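Beneath this line is the structure, given in structure tokens, with notes to follow.
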């Protein structure tokens with residue numbers, strides 16, 4: 001006996017599709033995770049003025065470029081949602097691919113940036129500032145990677161006109177990843 | 001909701017506004033005035049996050065409890081930070097002194113000044 005769809009997909013117990021509710025639950029827990037890390041960083045940073053000598057070595061322009069990349073990929077994600085609403089699966093899949101490309105660009109730029117920083121001796125163990133830097137940005141990067149993988153799976157189905165409701169769901173997750181970076185950028189790259 | 005199209009502003013226009021805010025948040029801190037940095041870097045981050053949440057995530061047309069759920073998580077984080085911050089940000093209190101942290105600050109400042117003179 002097989003089910004054509006997961007039971008949760010067919011049910012709306014809370015007035016909204018269960019899948020979308022689940023994404024908001026995930027985001028609520030991610031707020032606690034990233035809020036915890038960023039809150040801890042802010043407190044420690046205010047208590048350690050000497051970290052200014054370390055934070056000056058982060059590259060604001062690379063951070064700004066990555067912010068541009070993620071904001072643009074968010075635009076592509078919401079355009080995918082607009083296409084899915086019009087039941088245009090291939091169009092939604094196209095925009096999801098662009099979003100994934102944005103994520104890939106972000107990760108490539110981050111790897112180049114980190115390679116350069118590590119070469120100059122700024123590693124995760126060299127100072128508590130760098131420990132926060134690599135942990136926060138690294139955890140964010142893992143979320144970008146996870147989002148990209150899920151997005152590719154959703155895009156593969158969307159291209160065939162299937163499970164179009166998932167386009168919005170992965171889009172909501174992606175926008176949250178973008179929002180986290182919106183706060184990471186000034187903390188790690190601007191407030192030196 | 002996702003099955004029905006909903007009225008929305010031009011997403012590209014919203015992206016343009018976000019780009020403009022990004023430029024201001026990068027240029028503002030270059031002026032070097034602390035208050036301007038706080039407003040342009042962090043104030044604008046809050047505005048950008050609101051714009052993404054409202055116009056891209058559509059939190060304004062979701063069921064109200066979603067906003068309450070997300071908002072309550074933010075409040076919990078602010079409470080946590082507020083409760084713990086005196087112990088983390090300060091290195092001494094009425095009956096205690098965090099010697100290790102105070103010495104790390106001294107060491108870090110000395111190392112930083114040495115690096116500047118080189």
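No value in this document is a laboratory result; all are computed from the given coordinates. From a predicted model like this one, the values you see are computed outputs, not experimental measurements. Using ideal geometry, Cβ is built from the backbone for each residue, glycine included, and neighbour counts are taken over all protein chains shown.
Other chains' Cβ within 10 Å of A:70-79 residues: what's the mean? Write out the running numbers ahead of the final one.
Values: counts 1, 10, 3, 0, 8, 8, 2, 3, 10, 3.
If you average over the peptide's residues, the count of other-chain Cβ atoms is 5.
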Task: Relative intensity, log₁₀ I(q)/I(0), of the range A:59-192 from a Debye sum that treats every alpha carbon as a point, q = 0.13, 0.20, 0.22 Å⁻¹ - done: -0.55, -1.03, -1.18
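Quote to one decimal, in nm, the extra length available between residue A:46 and residue A:87 on full extension: 0.36 nm per residue of separation minus the C-alpha distance between them. Walk me through the intermediate numbers first.
Values: separation 41, 0.36 × 41 = 14.76 nm, distance 5.01 nm.
Here the segment from residue A:46 to residue A:87 would lengthen by 9.8 nm.
Take peptides A:151-162, B:94-105 and line them up by average Cβ neighbours within 10 Å, highest first, as a rough protection proxy.
Working: A:151-162: 17.8, B:94-105: 11.8.
Top of the packing list down: A:151-162, B:94-105.
Taking each residue in B:103-111, count the Cβ atoms of any other chain within 10 Å of its Cβ, then average. What number comes out? Show your work: numbers first, answer last.
On the way: counts 0, 6, 5, 1, 1, 10, 5, 2, 4.
For peptide B:103-111, the averaged partner shielding equals 4.
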TODO: Determine, for each peptide in B:106-113, B:46-53, A:80-87, the mean count of other beta carbons within 10 angstrom over its residues, then list the peptides with the highest first.
DONE: A:80-87, B:46-53, B:106-113
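Rounded to the nearest 500, what is the 222 nm mean residue ellipticity of chain A from helices alone, with -39500 (n - 2.57) per DSSP H run of 4+ residues and division by all residues? The partial results should precede the final answer.
Details: 6 runs with 144 residues, N = 192.
My calculation for chain A gives -26500 deg cm²/dmol from helical runs alone.
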Task: Bins of 5 Å, starting at 0 and running to the largest distance - Cα pair percent for chain B - done: 2, 8, 10, 11, 12, 15, 13, 9, 7, 6, 3, 2, 1
TODO: Let me know the mean shielding of B:44-53 by other chains, meaning the per-residue number of their Cβ atoms within 10 Å of its Cβ.
DONE: 5
Task: Residue-span extension gain [residue A:119 to residue A:192] - 0.36 nm each, minus C-alpha spacing - done: 24.2 nm
TODO: At 7 Å along the Cα-to-beta-carbon direction for both residue B:111 and residue B:95, put a label point, then send me their distance in nm to one decimal.
DONE: 3.4 nm
TODO: First measure r as the distance between the Cβ atoms of residue A:22 and residue B:47, then evaluate 1/(1 + (r/R0)^6) with R0 = 30 Å and state the FRET efficiency to the nearest 0.05.
DONE: 0.60
- [ ] For the range B:44-118 and the range A:89-146, compute the distance between their C-alpha centroids and round to whole Å.
- [x] 21 Å
- [ ] Over all alpha-carbon pairs of the range B:1-62, lay out the pair-distance distribution in 10 Å bins, whole %, shortest bin first.
- [x] 21, 41, 24, 11, 3
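Of the peptides A:58-71, A:114-127, A:176-189, how do they stack up when ordered by the mean number of other Cβ atoms within 10 Å, highest first?
Top of the packing list down: A:176-189, A:58-71, A:114-127.
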- [ ] With the Cα gyration tensor of the protein assembly as shown in hand, give its eigenvalues times 5 under a square root as the equivalent ellipsoid semi-axes, listed largest first in whole angstrom.
- [x] 39, 21, 18
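Below 8 Å between Cα atoms, with a sequence gap of 6+, how large is the relative contact order for chain A in percent?
Details: 187 pairs, mean separation 58.9, N = 192.
31 percent.
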Open item on the list: Calculate the FRET efficiency for residue A:65 and residue B:24 from the Cβ-Cβ distance with a Förster distance of 22 Å, rounded to the nearest 0.05.
Closed with: 0.85
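How fast does the range A:25-76 diffuse by Stokes-Einstein, in µm²/s, taking the Kirkwood radius from C-alpha pairs at 20 °C and 1.002 mPa s?
Values: Rh = 13.4 Å.
Answer from the Stokes-Einstein relation: 159 µm²/s.
Kirkwood Rh, Cα Rg: Rg to Rh for the range B:65-118?
Expressed as Rg/Rh, it is 1.29.
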